[in-house]
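Q: If you scroll down you'll find the structure; I have some questions about it.
Read-outs throughout are calculated quantities, based only on the coordinates presented, and are distinct from any laboratory measurement. These numbers come from a predicted model, not from an experiment. Positions of Cβ are generated from backbone atoms using ideal geometry, with glycine treated the same way; all protein chains shown enter the neighbour counts.
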Amino acid sequence: GAVVSQHPSRVICKSGTSVKIECRSLDFQATTMFWYRQFPKQSLMLMATSNEGSKATYEQGVEKDKFLINHASLTLSTLTVTSAHPEDSSFYICSARGEGASSNQPQHFGDGTRLSIL
Amino acid sequence: AQKITQTQPGMFVQEKEAVTLDCTYDTSDQSYGLFWYKQPSSGEMIFLIYQGSYDEQNATEGRYSLNFQKARKSANLVISASQLGDSAMYFCAMREGLRARSQGNLIFGKGTKLSVKP
């Protein structure tokens, strides 16, 4: 089945550091990628939708200057948390859909990145 | 109003017994899809089963079946013959008719934590 690889799986860094998370579709071309954030014991909240070659669409309340998304190719999208602070600590997970994917096809998720800002 | 409602924060089931996880949804779209995902403690999202709004029969995938009651807008997940490895968070999700902005992202419920007792 389709595989989405997310890297790194865990990041621990100091406050003020910028952190880049990569999301790759390994065996299909992902025209659309979604970035979610999940707080402990809570649901996944969509942060933004990115389409290859165009600017990401951010959900209300998500700072686009804080969470930079780049979808430069059909197999790679990156999320950069700029100048991260402890309140940015969370579980970030990406998912991808292929071009022409029908409505019944599930999104394929990466394994997530656990970000801890000290 | 919540799009996806999962009213059971936590559920217990005895090993080898069946369990039903509740999910109700709210949409004005005629065309939509309903998904169930399993999230173990390691964090990855595992797709379990899909039900389309026009599907006349309830979806089944191995030990998973979806009790789809369209008029009541419910899509409960039934797990038969529970196994210890079924202990995890379970999320119900919906994809509404494709919209230009979201391009088919999933909307998640708050999840149900299932614990299987030996």
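Q: Within region B:10-99, which GluC sites (Glu not before Pro) sit in a loop by DSSP and count at most 11 neighbouring Cβ atoms inside 10 Å?
A: B:Glu56
Q: Within a 10 angstrom radius of the beta carbon, how do A:Tyr58, B:Tyr37 rank from fewest other beta carbons to most?
A: A:Tyr58, B:Tyr37
Q: Would you mind calculating the relative contact order of chain A from Cα pairs under 8 angstrom and at least 6 residues apart, reporting the percent as a whole number?
A: Here the relative contact order equals 37 percent.
Q: Report, in cubic angstrom per residue, the convex hull volume of the C-alpha atoms of chain A.
A: About 102 Å³ per residue, rounded to a whole number.
Q: Under unit Cβ charges (Lys, Arg +1; Asp, Glu -1), what dipole magnitude, rounded to 20 debye, does chain B have relative to its Cα centre?
A: 260
Q: Per the Kirkwood formula on distinct C-alpha pairs, the Rh of region B:49-96 is how many angstrom?
A: Radius from the Kirkwood sum: 11.8 Å.
Q: Order by neighbour count: A:Leu76, A:Leu115, B:Leu66, fewest other Cβ atoms within 10 Å first, most last.
A: Lowest count first: A:Leu76, A:Leu115, B:Leu66.
Q: At most 13 other C-beta atoms within 10 Å and a DSSP loop state: those are the exposed GluC sites (Glu not before Pro) I care about. Give me the longest piece of chain A that has none.
A: Values: sites that count: A:Glu63, A:Glu99.
By the stated rule (loop sites, at most 13 other Cβ atoms within 10 Å), A:1-62.
Q: Moving on to the next point. Assigning unit charges at the beta carbon (Lys, Arg +1; Asp, Glu -1) and nothing else, what dipole magnitude in debye, to the nearest 20, does chain A show about its Cα centre?
A: 260
Q: Select from A:Thr31, A:Thr82, B:Met45 the residue farthest towards the positive end of the dipole of the protein assembly as shown; place +1 on Cβ of Lys and Arg, -1 on Cβ of Asp and Glu, and compute about the Cα centre.
A: A:Thr82
Q: Give me the three principal axis extents of region A:1-43 from the C-alpha atoms, as integers in angstrom, largest value leading.
A: That works out to 36, 24, 16 Å along the principal axes.
Q: Still on this structure: What is the count of Lys pairs in the protein assembly as shown whose alpha carbons sit under 20 Å apart, if the two are 8 or more places apart or on different chains?
A: 22
Q: Could you run the Karplus curve 6.51 cos²θ - 1.76 cosθ + 1.60 with θ = phi - 60° over region A:31-38 and give me ³J(HN,Hα) per residue in whole Hz, x for Gly and Pro?
A: 6, 10, 10, 10, 10, 10, 10, 9
Q: So if I place +1 on the C-beta of Lys and Arg and -1 on the C-beta of Asp and Glu, and nothing else carries charge, what would the dipole magnitude of region A:1-55 be about its Cα centre? I want it in debye, nearest 20.
A: 340
Q: Just to check, using Stokes-Einstein with a Kirkwood Rh over alpha carbon pairs, what's the diffusion coefficient of region B:20-70 at 4 °C and 1.567 mPa s in µm²/s?
A: Translational D for this selection: 106 µm²/s.
Q: Could you check the spin-label model distance between B:Ser42 and A:Asp65? Points 7 Å from the Cα along Cα→Cβ, value in nm.
A: With each label placed 7 Å out from Cα toward Cβ, I get 4.0 nm.
Q: Something else: Which order results if B:Asp26, B:Asp86, A:Asp65 are arranged by neighbouring Cβ count within 10 Å, fewest first?
A: If I rank by nearby Cβ atoms, fewest first, I get A:Asp65, B:Asp26, B:Asp86.
Q: Could you work out, for chain B, what percent of all Cα-Cα pairs fall into each 10 Å distance bin, beginning at 0 Å and stopping at the bin that holds the largest distance?
A: For chain B, the pair-distance distribution reads 14, 47, 30, 8, 1.
Q: Along each principal axis of its Cα atoms, how long is the protein assembly as shown end to end? Whole angstroms, biggest number first, please.
A: Between the extreme Cα coordinates on each principal axis of the protein assembly as shown lie 49, 39, 36 Å.
Q: Still on this model: List the trypsin sites (Lys or Arg not before Pro) in region A:1-60 that DSSP assigns to loop (not H, G, I, E or B) and whose Cβ has at most 10 other Cβ atoms within 10 Å. Which are they?
A: Taking region A:1-60 and a limit of 10 other Cβ atoms within 10 Å, the loop trypsin sites (Lys or Arg not before Pro) found are A:Lys14, A:Lys41.
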